[in-house]
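The values are calculated or read from the model by the stated rules, or taken from the named source; none is laboratory data. Being a predicted model, the structure only gives us computed values, none of them experimental. Glycine gets a Cβ as well: all are built from the backbone with ideal geometry, and neighbour counts include every protein chain shown.
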Amino acid sequence: MNQEALEALPPMTTIIARTTTNWRRRVGALVIGAGGAGLRAAIELDAHGVDVLVVGKRARADAHTVLAAGGINAALGTMDPEDSWQIHAADTLREGRFLGDAHAVEILCREAPAAIDDLLSYGTRFARDADGRLLQRYFGAHRYRRTLFAGDYTGRALIAGLMAEVDRRGIPILERFYVSDLLQQGDGRVTGVLGFALEGGATGVIDAGVVVLATGGHIGVYGRSSSRPAENTGDGMALAYRAGAELADMELVQFHPTGMVWPDEAVGTLVTEAVRGEGGRLYNSAGERFMARYDRERLELSTRDRIALANYTEIVEGRGTPHHGVWLDISHVPAATIHERLPRMVAQYQDVGIDITRAPIEVAPTAHYAMGGIRVAVDTHWTGVPGLYAAGEAASGVHGANRLGGNSLAEIIVFGRRAGLAAANDVAETRSDDAVIAERLTALTAAAHGALEPVAGIDRLRETMWRQAGLVRDAAGLHGALDTIEELGARRDDLRIPDGAGRPAALAAAYDLTAMLVTAEATVRGALLREESRGAHVRREFPTTARHWQRTIVMRARNGRMHADTRPLPELSADVKAALRDEAPVLGGLLE
Ligand SMILES: Cc1cc2nc3c(=O)[nH]c(=O)nc-3n(C[C@H](O)[C@H](O)[C@H](O)COP(=O)(O)OP(=O)(O)OC[C@H]3O[C@@H](n4cnc5c(N)ncnc54)[C@H](O)[C@@H]3O)c2cc1C
């Protein structure tokens, strides 16, 4: 099903207040998000006989997951038979600096092999050797080779397999549809959504017996990020928060060490860690291979948080390149190897006139991944709001203070399935209240003749977050960021949204801004509260890790304001404790 098909439905017959939607339809379950988590949840819902619809903001097979490059983890032991789910869990918890939820991590690592079986059954094609054995490679800080891959296009391969299964099952996907509001009945149960088409702007109501949010992360709130424009704007997190859910660990944002620094339109675009995995070296402007000062043993194969901080330090201390980066050089590796192993990187730099087989490139940290998100019940991924589930990067729990490369793709499949299963058992006969729809529709369709262009508001917020709540934080900067967030929040009624062809895009930007203000505030408030440095969270005034901060920070709406609280973390199981005790040094290999 596509937009045209939905628009062809008869217009809604009930006149709601002053206005009406262009269409309305009912489904058993609605999945918001067509990335890996959303598609996997939809497959599970369909497998349990639920009539499910998936919606996404972009074209159907072009959700953010397609950007994923290097691989997906599962302790299959195809290369290293000593590997086990317990060791995978130990690596994940240790590198997350023990802020990951141990129960969630155990589920992830136990169920990742079954997730790979699912993907294989859908037709995802992972790299194999000549005998047909699935290849697994090293990623940073993993004790064994446990990352399956499809060249440096693993996300694309995942989506291709999931889409094939979705199509086999005939699950409809409504593309280019922006969900602006969750609808709730009196007792708080979610009953559906209101949204609009990004082409044409037709508004629509989807009544749903249950809703799964699989809307991705919120790192688009940063001026430099590895996502595409208007992606990862934290919509699902903000929708859930406004519906009564808690947001957890929002201050824990992963900054990838290597993003592009020029040209302007490419700033932040990921330079895959496979460049370092294949031998790339980092140098400062004095020609020094500076990683020797930060991690003498692992050098460029150290963990993401350490290399990001090293790159940042070199740049701010004046040893950066002309475009405020550091040099990444792989030109000593034979050109044929580079072409074979890093085809995407070769092409990415060819586009800007650089041959990476001959010349170094300038790179700097870029916001990459949201470790935090909607707080969910670990087993079911229920958000605590009746009728509302969340999975994937939108949810929190697994990654703690530093995500291990390859774990996100595993998470979206494992917990996408679990959220779909739990939602399938929770489909209710609800119908959205016409009065609620009318109220939200009025806001959605109201003219807006204010002074603030939504895109200008977004640019200001992103710049502020990058400068004042980025990789290294301090109280003064964070308070400054809060001031900007509050100032922009106060201008919600001062937005300018033109009529005519440009309206849907401007409206989407306005809703993006609204969501980004929620996630930015949660990030900044969490960062202020967490008076320590741990993994990706670095506080200038508190450079060490504090034992008493081994807690989750949660944000919840109370009386119209954001209220912070902390929660203890569950105990590690005996299995994982034993795996942690047995640890050999983790030197890792290829990173992602
Ligand atoms: C460049 C890059 C490389 C990466 N490489 C790896 C890797 O090798 N291994 C790994 O494990 N992880 C990797 N990651 C991380 C990983 O790709 C993501 O964390 C993961 O794909 C998130 O999947 P998801 O299903 O949760 O969300 P997404 O894929 O982000 O999908 C979100 C969906 O929600 C929709 N949506 C959002 N808001 C709305 C709204 N308001 N209305 C309607 N629809 C909405 C979007 O349109 C989209 O369809 C990488 C990330 C990047 C940026």
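In this structure, is ALA208 more than 11 Å from the ligand (Cβ to nearest atom) and in contact with a Leu (Cβ under 7 Å, 6 or more places away or on another chain)? If you could, list the steps in order and put the result at the bottom.
Details: more than 11 Å from the ligand (Cβ to nearest atom): yes; in contact with a Leu (Cβ under 7 Å, 6 or more places away or on another chain): yes.
Criteria met by ALA208.
Exactly one of these conditions fails for THR78: (1) over 26 Å from ALA574 (Cα atoms); (2) more than 8 Å from the ligand (Cβ to nearest atom). Give me its number.
Exception for THR78: condition (1).
Just to check your reading of the model, which residue among TYR144, TYR178 is of a type in the set (Phe, Trp, Tyr) and under 30 Å from LEU301 (Cβ atoms)? Steps first, answer last, please.
Working: TYR178 fails: under 30 Å from LEU301 (Cβ atoms).
Going through TYR144, TYR178 in turn, just one is of a type in the set (Phe, Trp, Tyr) and under 30 Å from LEU301 (Cβ atoms): TYR144.
Give ALA75, ALA37 a once-over and let me know the one that is buried (at least 22 other Cβ atoms within 10 Å of the Cβ), at pLDDT 95 or above, in a loop (DSSP other than H, G, I, E, B) and in contact with a helix residue (DSSP H, G or I) (Cβ under 8 Å, 6 or more places away or on another chain). Walk me through it before giving the result.
Numbers: ALA37 fails: in a loop (DSSP other than H, G, I, E, B).
From the options ALA75, ALA37, the qualifying one is ALA75.
Give the residue, chosen from LEU461, LEU444, that is under 30 Å from GLU532 (Cβ atoms), in contact (Cβ under 8 Å) with a residue 24 or more places away in the chain, of a type outside the set (S, T, N, Q) and in a helix (DSSP H, G or I). Please lay out each step first, then the result.
On the way: LEU444 fails: under 30 Å from GLU532 (Cβ atoms).
The unique qualifying residue is LEU461.
Yes or no: VAL316 among the hydrophobic types (A, V, I, L, M, F, W, C), out of contact with any Pro (no Cβ under 8 Å at 6 or more places or on another chain) and buried (at least 17 other Cβ atoms within 10 Å of the Cβ)? Explain how you work it out, then say what you get.
On the way: among the hydrophobic types (A, V, I, L, M, F, W, C): yes; out of contact with any Pro (no Cβ under 8 Å at 6 or more places or on another chain): yes; buried (at least 17 other Cβ atoms within 10 Å of the Cβ): no.
Spelling it out, it is not the case that VAL316 is among the hydrophobic types (A, V, I, L, M, F, W, C), out of contact with any Pro (no Cβ under 8 Å at 6 or more places or on another chain) and buried (at least 17 other Cβ atoms within 10 Å of the Cβ).
Any residue that is touching a residue at least 12 places away in the same chain (Cβ under 8 Å), closer than 27 Å to ALA160 by Cβ, away from the ligand (no atom under 12 Å from the Cβ) and surrounded by 21 or more Cβ atoms within 10 Å (Cβ to Cβ) - is there at least one of those in the range 54-61? I'd like the intermediate steps shown before the answer.
Of the range 54-61, the ones touching a residue at least 12 places away in the same chain (Cβ under 8 Å) are 54-61.
Within this subset, residues satisfying the condition of being closer than 27 Å to ALA160 by Cβ are 54-61.
If we keep only those that are away from the ligand (no atom under 12 Å from the Cβ) too, we end up with none.
No, because not a single residue in the range 54-61 is touching a residue at least 12 places away in the same chain (Cβ under 8 Å), closer than 27 Å to ALA160 by Cβ, away from the ligand (no atom under 12 Å from the Cβ) and surrounded by 21 or more Cβ atoms within 10 Å (Cβ to Cβ).
Kindly evaluate ALA69 against the criterion of being farther than 29 Å from ALA422 by Cβ and either within 16 Å of the ligand (Cβ to nearest atom) or surrounded by fewer than 24 Cβ atoms within 10 Å (Cβ to Cβ) (or both). Don't jump to the end; show me each part of the working.
Values: farther than 29 Å from ALA422 by Cβ: yes; either within 16 Å of the ligand (Cβ to nearest atom) or surrounded by fewer than 24 Cβ atoms within 10 Å (Cβ to Cβ) (or both): yes.
So ALA69 passes the test.
Every residue, every condition in (1) hydrophobic (A, V, I, L, M, F, W, C); (2) at positive phi, yes or no:
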| position | (1), (2) |
| --- | --- |
| VAL105 | yes, no |
| ASP117 | no, no |
| SER121 | no, no |
| GLY132 | no, yes |
| TYR144 | no, no |
| GLY161 | no, no |
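Under 8 Å by Cβ, and 6 or more places apart or on different chains, what pairs join a residue from the range 518-532 that is touching a residue at least 12 places away in the same chain (Cβ under 8 Å) with one that is of a type in the set (D, E, K, R) and in a helix (DSSP H, G or I)?
VAL518/ARG242
Scan the range 226-236 for residues that are under 20 Å from PRO263 (Cα atoms) and within 11 Å of the chain's Cα centre (by Cα) and report the count. So that I can check it myself, show each step before the final result.
First, pick out the residues of the range 226-236 that are under 20 Å from PRO263 (Cα atoms): 226-231.
Keeping just the survivors that are within 11 Å of the chain's Cα centre (by Cα) gives 226-227, 231.
Here the count works out to 3.
Give the residue, chosen from THR430, THR514, that is among the hydroxyl-bearing types (Ser, Thr, Tyr) and part of a loop (DSSP other than H, G, I, E, B). Explain how you work it out, then say what you get.
Working: THR514 fails: part of a loop (DSSP other than H, G, I, E, B).
Selected residue: THR430, the only one of THR430, THR514 that is among the hydroxyl-bearing types (Ser, Thr, Tyr) and part of a loop (DSSP other than H, G, I, E, B).
Looking at LEU182, LEU148 in this structure, which one is within 13 Å of the ligand (Cβ to nearest atom), hydrophobic (A, V, I, L, M, F, W, C) and not assigned by TED's automatic domain parsing to the domain that holds ALA410? It would help to see each step written out before you state the result.
Values: LEU182 fails: not assigned by TED's automatic domain parsing to the domain that holds ALA410.
Every option except LEU148 fails the conditions.
If you check LEU328 against the conditions, is it assigned to a helix (DSSP H, G or I) and surrounded by 15 or more Cβ atoms within 10 Å (Cβ to Cβ)? Let's see the steps before the verdict.
Values: assigned to a helix (DSSP H, G or I): no; surrounded by 15 or more Cβ atoms within 10 Å (Cβ to Cβ): yes.
Criteria not met by LEU328.
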